[in-house]
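Contents: one structure, followed by commentary.
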Amino acid sequence: MTIQYCQSFLLEQLTGVHDLSSDTIKLALFDANAHFDQDTTAYGTTNELSSGGGYTTGGASLTLASGYPKIEGNYAAVRFGTPAATWTFTSIKNPTWALMYNSSQSDKAILSIYFGNRSAFGDFSITFPLSLDPIITARAPMV
């Protein structure tokens, strides 16, 4: 699995575009024909899994964990529920990518996740690993 922050999101954090405590953050699933990287700037429907069979285009809204965002140690942190999102597929789906984006701010991209080629049926959940928990961090430079 590969997780890549979008550079545009990192810049938008510094310019006050995102308010993760009140904006709607979503996670959408895409097939193997999609491709996301650090230059991805926004959510779009090209190569998104089709609606039906337990998935709705646009993806799932994420719920902010209680008390977040907050300072943890030397970092500002944001955490989402565990799992972050779950879909119950009633037909076989082939999710290869996920894109986290801010639907309150013109669908601006936050990060992408590459799972690799897979087929899924039944419950399909995304839980951020400890290496990404907190998933969004910022550290002030030492002076």
Task: Residues of region 88-98 classified as open to solvent by less than 50 Å² (accessible area, probe 1.4 Å) and not small (Gly, Ala, Ser), total - done: 5
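Can residue 101 be described as open to solvent by less than 20 Å² (accessible area, probe 1.4 Å), farther than 14 Å from residue 25 by Cα and either touching a Phe, Trp or Tyr at 6+ places or on another chain (Cβ under 6 Å) or modelled with pLDDT of 95 or more (or both)? Give the derivation first.
Numbers: open to solvent by less than 20 Å² (accessible area, probe 1.4 Å): yes; farther than 14 Å from residue 25 by Cα: no; either touching a Phe, Trp or Tyr at 6+ places or on another chain (Cβ under 6 Å) or modelled with pLDDT of 95 or more (or both): yes.
Spelling it out, it is not the case that residue 101 is open to solvent by less than 20 Å² (accessible area, probe 1.4 Å), farther than 14 Å from residue 25 by Cα and either touching a Phe, Trp or Tyr at 6+ places or on another chain (Cβ under 6 Å) or modelled with pLDDT of 95 or more (or both).
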- [ ] Just need a number here: residues in region 21-37 that are in contact with a Phe, Trp or Tyr (Cβ under 8 Å, 6 or more places away or on another chain) and modelled with pLDDT under 95.
- [x] 1
Open item on the list: Contact list please: Cβ distance under 6 Å, first residue in region 98-122 and more than 12 Å from residue 8 (Cα to Cα) and hydroxyl-bearing (Ser, Thr, Tyr), second residue in a strand (DSSP E or B) and at pLDDT 95 or above, pairs at least six apart or on different chains.
Closed with: 103/26; 112/99; 114/97
Task: Options 134, 141: the member that is under 14 Å from the mean Cα position of the chain (by Cα) and at pLDDT below 90 - done: 134
Task: region 1-21 residues that are without any contact (Cβ under 8 Å) to a residue 60 or more places away in the chain, paired with ones that are open to solvent by 60 Å² or more (accessible area, probe 1.4 Å) (beta carbon under 6 Å, 6 or more apart) - done: 7/38; 21/69
- [ ] Taking the residues in region 28-79 that are β-branched (Val, Ile, Thr) and in contact (Cβ under 8 Å) with a residue 40 or more places away in the chain as candidates, determine which candidate is farthest from residue 6 (Cα to Cα).
- [x] 78
- [ ] Test residue 66 against the criterion of being at pLDDT 90 or above and of a type in the set (S, T, N, Q), and give yes or no.
- [x] no
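Name the residues in region 47-87 that are under 22 Å from residue 121 (Cβ atoms), of a type in the set (A, V, I, L, M, F, W, C) and open to solvent by 30 Å² or more (accessible area, probe 1.4 Å), would you? Show your work before the answer.
Step one: of region 47-87, the residues under 22 Å from residue 121 (Cβ atoms) are 47-60, 83-87.
The next check asks that each one be of a type in the set (A, V, I, L, M, F, W, C); those that pass are 49, 60, 84-85, 87.
Of everything in region 47-87, nothing turns out to be under 22 Å from residue 121 (Cβ atoms), of a type in the set (A, V, I, L, M, F, W, C) and open to solvent by 30 Å² or more (accessible area, probe 1.4 Å).
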Task: Residue list for region 33-45, filter: under 24 Å from residue 123 (Cα atoms), hydroxyl-bearing (Ser, Thr, Tyr) and open to solvent by 70 Å² or more (accessible area, probe 1.4 Å) - done: 45
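The values are calculated or read from the model by the stated rules, or taken from the named source; none is laboratory data. The shown structure was predicted, so the numbers you read here are calculated from the model rather than taken from an experiment. As a convention, Cβ positions derive from the backbone with ideal geometry for all residues, glycine included, and neighbour counts pool all protein chains shown. Heads up: the accessible areas ignore ligands, DNA and RNA and are worked out on the full protein's heavy atoms, side chains in. Shrake-Rupley method; radii C 1.70, N 1.55, O 1.52, S 1.80 Å.
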